[in-house]
Amino acid sequence: MSVRVRFAPSPTGQLHVGNVRTALYNWLFARQHRGAFILRIEDTDPERSRREYEVQILDDLRWLGLDWDEGPDVGGDFGPYRQSERLALYRDYATRLLEAGWAYRCFCTEEELERERAQARAEDRPYRYSGRCRQLSEREVRERAKAGLPYTLRFRVRPGPIVWEDVVRGPIRWEAEVIGDFVILKSDGWPVYNFAVVVDDLLMRITHVIRGDGHLSNTPRQLLLYEALGATPPVFAHLSTILGADGTKLSKRHGATALREFREQGYLPEALFNFLALLGWAPPHEVGELLSREHLLELFALEKVSKAPAIFDLQKLKWMNRAYLKAKPLEDLVSAVAPYLQQAGRVPTPLDEATRAWLQRVVEAVLTHVEHLSQIVEETRIIFEYDLGTALTYPEVREVLEDAGALDVLRRMERELADVPVITTEAFREAAARVREQTGRKGRALFHPLRIALTGRPSGPELDKLVPIYEIGATLPLPRPIPSVRDRLRQFLEWAERVRAESPSR
C-alpha cells in the first residue's frame, strides 16, 4: 500500500508553529515516498470552529509552500474532508460497535460524573469513569431510553496492555486499566475526537500518523478502537514538544508563535520552511543548515527525528531569514517589501516602473540591517524622512554644529555642487575631493559632516549608495517628496545657523 498521511487542524484559531512543523514533516514524508498528503479539517467543536479560520489555515499552508493531494478545497476519493460533514459515518460506526458489544449507552448526568471526578481529586488519584452504566441490563437500558433520558455511547475498554512501536519514541506500553471506558459519541450525536479520528483515518486509508506528542495519551484509545473494528492501525510517530529558549513550553510570552504572525512580520516562507524542518531533526553535519526544499526532501528521515524537546531559537530564525534575504534577487525583494512601504505611505500604489527600479537601490542599501521584511519601514527612515527637528538627539550632530571646520566643509560642498548638472556618486566624490584639497580635511573629518548634513544621523548606509537614492528619489512622484542632495545641504546649513544663533553659549 502506498504511503498516505494527513494533517488535520482544527479551525479554532491560527496555526501554531508546532502544528506547522507537524504539517511540514507529514508533507516531507509523503513527498519522499511518492505518497498522498491529505488535509482534513477537524471541526467537531461547532462552538469554536470558524470557517474564516479554515480559509486562513489553507492560505498560510500554501504560503509556506505546502500542497495537498486531497482536502476540502480539492476533493478526493475519500471525502468529505470536513468532520462536520461526516456525522453520518461516525454514527454508523458507533452503531456497529454498539451492536457488537464494544460500546454501551451511558445515562450518567454531568452532575454525577462531576461527583466522581471530585472524589478522585479528594483521594489524590487519576480520574477514571466508574463504569456504573456498563452493568445495566438490556431491560434497564430500554426503559431509560424509552423515558427519553439522554445518553452517550461509551467504549468498553478491555483489560490488558496496549503496546505499539512508535517511529520516534520506540516501543510503548500502556495499561488499559488506567484508561476507563471513554465516550465515543456525545448525547447530541457528535463524535468525540478519538473516535472521529479513527473512523476518518480508517476510511481515508491513512498509513502513518505523524503528530505532536500531546496526542500520545490518545493513541491507546485509538488502538483499542482499531482492534474493535477489526482494522490494522496506522504506524504512529509522535513528535516532541517545542520549547522556548528558556526551556519552557513555547507560548505567547516568547513572542510570535503563530505562522500568520511570522508571515506578517516579513519572514520568508523558504526561511521558515528550512527552520521548522530543523526543529527536532538534524541533517548530516557536513551539509550545513541552510537547505533548500529539494535538499530537505532528499535528506529528511522520520526515523531520525529526536524524541528530545526541540528548542525554538528566534535568533537562529533571524539569522536564517537574513541569509535567505541576501540570496533573493533584488527585484523579488522589492515586490516583497513594497506592501510594507505602501502601508506606511512611503511609496505609491501601484508601483510605477521608475519607482520600482529606484526601490532596488533602496533595498540594497539597507538590506544588511534587515532581519525580516517589516523592519524595512524603520530601516528606510533615513531615506524617506529628513527630520532635522530630532537631529539634536544625536550628540554627533551637536559636535558638527559646534565645529566651524565641519560647517565650512558643508558650505564648500554646497558651492561645489551648485553647478553640477546631475549629482551622481562619481560627481559627489569629485566634489568631495576638491573640498578636501581646499580644507585639508580628509577621512572622517571630511565625510562625517557630510553624512550628518545629508541624513540628519551619525550612521547608516554608505554615502555612495545614499547619494543616487536621494537624487533619483527627489524626482519621483512619491506620496511625500524627499529632498535632493542640494536641498539637504541647504536645509541643514540654514537650520545650523538658526540653532547656533539660538544657542545660549553664543
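Since every read-out is calculated from the coordinates, none of them should be taken as a lab result. In this text, all values refer to a predicted model and were calculated from it rather than measured experimentally. Heads up, the Cβs are rebuilt from the backbone with ideal geometry, glycines too, and the neighbour counts pull from every protein chain shown.
The table below lists the values:
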read-out	value
Gain on full stretching of the segment that runs from Gln360 to Glu110 - 0.36 nm per residue minus C-alpha separation	83.5 nm
Residue-wise HN-Hα coupling along region 39-55, computed from phi with Karplus coefficients 6.51, -1.76, 1.60 (Hz; x: Gly, Pro)	9, 10, 9, 9, 10, 8, 10, x, 6, 9, 6, 9, 5, 5, 5, 4, 4
Using alpha-carbon coordinates, inclination of helix 404-418 to the longest axis of the chain, degrees	90 degrees
Alpha carbon centroid spacing (whole Å) that separates region 22-61 from region 243-295	18 Å
Beta bridge orientation in the chain: antiparallel %, DSSP, nearest 5	55 percent
FRET efficiency estimate (nearest 0.05) - Cβ-Cβ, Arg415 to Arg480, R0 41 angstrom	0.90
Sequence-distant residues sharing a close amide H with Leu291 (under 5 Å, placed H)	none
The chain, relative contact order [Cα under 8 Å, separation at least 6], %	12 percent
Length gained when the stretch His285-Arg132 is fully extended (0.36 nm per residue, less Cα-Cα span)	49.3 nm
Nitroxide proxy distance, nm - points 7 Å out along Cα→Cβ at Glu430 and Thr12	7.1 nm
Sites Leu216 and Val74 - FRET efficiency at Förster radius 25 Å, r taken between beta-carbons, to 0.05	0.20
Computed helical MRE - 222 nm, the chain, DSSP H runs ≥ 4 contributing -39500 (n - 2.57), nearest 500	-14500 deg cm²/dmol
Full-extension gain in nm, Glu165 to Ala118, via 0.36 nm per residue minus C-alpha separation	13.4 nm
Spatially close lysines, pair count over region 252-327: Cα under 20 Å, gap of eight or more or interchain	4
From phi via Karplus (6.51, -1.76, 1.60), per-residue ³J(HN,Hα) for region 3-19 in Hz, x at Gly/Pro	5, 9, 10, 9, 10, 10, x, 9, x, 10, x, 7, 6, 6, 4, x, 5
In Hz, Karplus ³J(HN,Hα) per residue of region 325-340 (6.51, -1.76, 1.60; θ = phi - 60°; x = Gly, Pro)	4, 5, 7, 7, x, 4, 4, 6, 5, 4, 4, 6, 8, 3, x, 5
Rough spin-label spacing in nm, given labels placed 7 Å along Cα→Cβ, for His295 and Gln375	2.2 nm
Residue exposure sequence - Tyr226, Tyr53, Tyr93 - by fewest surrounding Cβ within 10 Å	Tyr226, Tyr53, Tyr93
Simple spin-label estimate for Arg96 and Asp403 in nanometres, 7 Å along Cα-Cβ	8.4 nm
Centroid-to-centroid separation of region 115-133 and region 398-417 [C-alpha atoms, Å]	84 Å
Part-to-part distance (alpha-carbon centres) for region 436-454 and region 330-382, which is given in Å	29 Å
Long-range HN-HN contacts of Val209 with modeled amide H, under 5 Å	Val235, Phe236, Ala237
Long-range HN-HN contacts of Val183 with modeled amide H, under 5 Å	Phe155
